[in-house]
Structures are given as C-alpha cells and as structure tokens.
1. Could you give every pair whose Cβ atoms fall below 7 Å, whose first residue belongs to the range B:124-149 and is without any contact (Cβ under 8 Å) to a residue 60 or more places away in the chain, and whose second residue is in a loop (DSSP other than H, G, I, E, B), counting only separations of at least 6 or pairs across chains?
2. Identify, by number, the condition in (1) among the polar types (S, T, N, Q); (2) modelled with pLDDT of 90 or more; (3) surrounded by 18 or more Cβ atoms within 10 Å (Cβ to Cβ) that B:SER8 doesn't meet.
3. In this structure, does B:LYS56 turn out to be in a loop (DSSP other than H, G, I, E, B), of a type in the set (Lys, Arg) and either at pLDDT below 90 or within 16 Å of A:LEU44 (Cβ to Cβ) (or both)?
4. Pick from B:SER177, B:SER181, B:SER115: which is in contact with an Asp or Glu (Cβ under 9 Å, 6 or more places away or on another chain) and either in a helix (DSSP H, G or I) or at pLDDT 95 or above (or both)?
5. So which residues in the range A:123-151 are at pLDDT below 75, in contact with a helix residue (DSSP H, G or I) (Cβ under 6 Å, 6 or more places away or on another chain) and of a type outside the set (A, V, I, L, M, F, W, C), if there are any at all?
6. Within the range A:159-187, how many residues turn out to be surrounded by 15 or more Cβ atoms within 10 Å (Cβ to Cβ) and in a strand (DSSP E or B)?
7. Before we move on, is A:LEU180 more than 17 Å from A:ARG99 (Cα to Cα) and without any contact (Cβ under 8 Å) to a residue 12 or more places away in the chain?
8. Restricting attention to the range B:12-30, and to residues there that are of a type in the set (Asp, Glu) and either at the interface with another protein chain (Cβ under 7 Å from one of its Cβ atoms) or assigned to a helix (DSSP H, G or I) (or both), which single residue is surrounded by the most Cβ atoms within 10 Å (Cβ to Cβ)?
Amino acid sequence: MSQYENGKDSLDANVGASKALKSLQEARLSPSPFLAARITAKALAAEPKLGATFGWRAFWAGALASVLLVATSFWVLNRKSQVVEYAVEQPYMLKVDLRSLDPQQISYVVIELQGQPIRFASEKFSEVAEMKSLTLKWENLVGKQYLPLVVKGTSAGDSKVVVHFYDENSGLIMSKDIKLKFSSGNI
Amino acid sequence: MTNVNWASLVEGLKKKDPEITRQFVDLTHQKLFEFCYYLCSNRQLAEDLCHDALLKALAQIHQLKEADRAMAWLKRIARNLLLDFQKSAEQSRTLVMDPEDEKWLAHDQKISEESMDAVQTLKKLDSGDREILILIEIQGHSYQEVAEILDLNIGTVKSRLHRARAEFSKKFIGTKSSLRSSIV
C-alpha cells in the first residue's frame, strides 16, 4: 500500500469517526417519563414554607416577644419518651438542643405538631396557629445552640412535637421529639 | 433551548415559584440526563445523577452567578456528583454497559448503528477525553463553558480536545471491526 493510500485510509477513518460522533447530536436520549415529575415533586416538597411567608428572624423575635408577656416553661428537647404536663391556653417555650448536630450536614428543619390540642403560638404572626408544621432553613440557625419554639395547648389531651433534621437531598438525618400532656386543671 | 429566558427562570427559582420550578426541570432534565448517560454509560446511574444534580442546583440556586450559564452549571454539579460516587471504594469500576441498556439504546431510543458505534467508542476512552468530547462534539458547549464545567483553562480544553479526537478516531476503528466480527 502506498503512502498516499495509507494517508487516505487514515483520513477516511477520521472522517467516519467524526461523523459517528456528530450523529449523537441528533440522537435524543430520553430518561424515564417519570423522572421530571419525581424531581419536581421532591424539589417542591423540600421548599421551606416558612421562608416564603415570613422570615425566621421575625418569627423568632415574635416568639420571644410572646414568651416575655406570659409565664413560660422551658424544656430542652433532647430526650425521648418523656411526657411533660402543661396547662391549656398557656404559651410554652420548648428549646430544641442543636449542640450535638453537625451543622455541615443539615439543610433544613421540619417541626411537626402531632395531636389535636396543640398549636404554634406567636402574637406577631397569628397565622402560625393554623399550621401543623413549619420548615426552617438551617442557615438561619447557624451558630445557635437552641431552636426555640412556642406552642400552646387548646384543650386537654396528648400531643407530640417532632423535629426532623434533613440534608440538602431531603435525606432524614435525625429526629427529636417530646410528648406533651395538656390539662385544664392547675398544674 | 436558545430562546429560553434564563434570567427570568432563575429569578423565579430564587422566589421558589412552583410553576417555574416545574418549567426549569422540564427544560433541563433531558439534556442533563443525556450528559450523565454518556459520562457513565449506565441508565439508572444517569437518572440518579440527573435527579440529585437538579435537586442540589435548586437548593443552591442563589449560588448561580450567571443565569445564562445554568445548563453548564448543572452539568458541573452532575459531574462532581459522579466523581464523588466513583471515589467511594465500593463504586470504583470501569464502565460496563448493561446489556439491557444496549437494548434500550437500540430499540427504545432508536439509536442508529453509527451512533451505537460512537457510544461504544466513548466508553473506551479515559474519562477526561470522554467528557470533553461529550461536551463539545455532542452537546455543543463553547470552550469557555467547558472550561468552567471541567475547571480547566481554555488552552487546556483545546489541547485536550485535539488529543481526545485523535484517541476517539483510533479507538473507533477498533470498535467498528470488533462489532462487525461479532456479527459474523
């Protein structure tokens, strides 16, 4: 084979390779038809609802203000399966201990109120009383030792406050909870 | 994707607008999936990477400096996720195409024989050559965008592209002949 023919073969091979590679520009690979819906649903589920309504700092300030006006009781939320008894219609501050958590891991926190007789309490943001859960961005808690929550029992009964800590991919890192018993009589 | 108003989309994402989030995912996920698939040659892994990269990007949208570069930014996130995945000891492996994926490419995605040869050749390249060809030759990114995605300077992108093209041509001939002989 002459040098010319060798060169021509090599050129043809290059052209063929280049053409094959370019053919992938037209090849449209489609993922599962559910992938987009899955991503969207997860992204929207992870949206911090509180941040969209009002700022965490404002909520915290409001929560503290409401606490200053009334008698308060503090409970550090770091033990499980302990029932604490409280009077109805009295705001109480619960403090979630954040010291043992790795701040690098956490992206957001979801606070859930379980059981009928319990509500969030804030004088400034009365609408929180209608919410059964709040989502807070972790960036607003950086440097804090405790996350304070103000809750109120509306009638006698058992309730539970559960705090979930999530990473940026909505993976659950850990949960803390406290059981509350609200009573109408004197505590 | 040329007529997309990225600035307004990104602005909507920053405001956590659900409709804009939906639009953004619809608009970007297919190209991102394709990029991930060509990178890792595994359909399931590509879907996972695409899923995780988009969620990460949406959570960190405030870090996106230039809205027009959203697609390049997404690919950079996906590539970094793949590198993290491959770094973990259990997952370091060579790229092996699942036979089911091959059927999926040929039948469901209706890839031509020529394109299939190109996919098989891409798998034989080292990851640096592969990613540069995917970004420039298949997905049409500029040198500047590729430099940002791969964290390289433009000069390096150009020289790597030159080398990657040569490697691809060399391996493409081998791929074609081995495929033909396996058919015979």
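1. B:ALA147/B:ASN153
2. Checking B:SER8 against (1) among the polar types (S, T, N, Q); (2) modelled with pLDDT of 90 or more; (3) surrounded by 18 or more Cβ atoms within 10 Å (Cβ to Cβ), the one that fails is (3).
3. Numbers: in a loop (DSSP other than H, G, I, E, B): no; of a type in the set (Lys, Arg): yes; either at pLDDT below 90 or within 16 Å of A:LEU44 (Cβ to Cβ) (or both): yes.
In short, no.
4. Values: B:SER177 fails: in contact with an Asp or Glu (Cβ under 9 Å, 6 or more places away or on another chain); B:SER181 fails: in contact with an Asp or Glu (Cβ under 9 Å, 6 or more places away or on another chain).
When all the criteria are applied, what remains is B:SER115.
5. Going residue by residue through the range A:123-151, those that are at pLDDT below 75 are A:123-128, A:137, A:139-144.
Now drop any that are not in contact with a helix residue (DSSP H, G or I) (Cβ under 6 Å, 6 or more places away or on another chain), which leaves A:123-125, A:137, A:140.
The answer is A:GLU123, A:LYS124, A:LYS137, A:ASN140.
6. 14
7. For A:LEU180, the condition - more than 17 Å from A:ARG99 (Cα to Cα) and without any contact (Cβ under 8 Å) to a residue 12 or more places away in the chain - is not met.
8. Keep residues of the range B:12-30 that are of a type in the set (Asp, Glu), which gives B:17, B:19, B:26.
Right, trim to either at the interface with another protein chain (Cβ under 7 Å from one of its Cβ atoms) or assigned to a helix (DSSP H, G or I) (or both) and you get B:19, B:26.
On the way: B:GLU19: 8, B:ASP26: 13.
Across the range B:12-30, the extreme among qualifying residues is B:ASP26.
The values are calculated or read from the model by the stated rules, or taken from the named source; none is laboratory data. On a predicted model such as this, the values are computed, not experimentally measured, just so you know. Cβ coordinates were reconstructed from backbone atoms using ideal geometry, including for glycine residues, and neighbour counts include every protein chain displayed.
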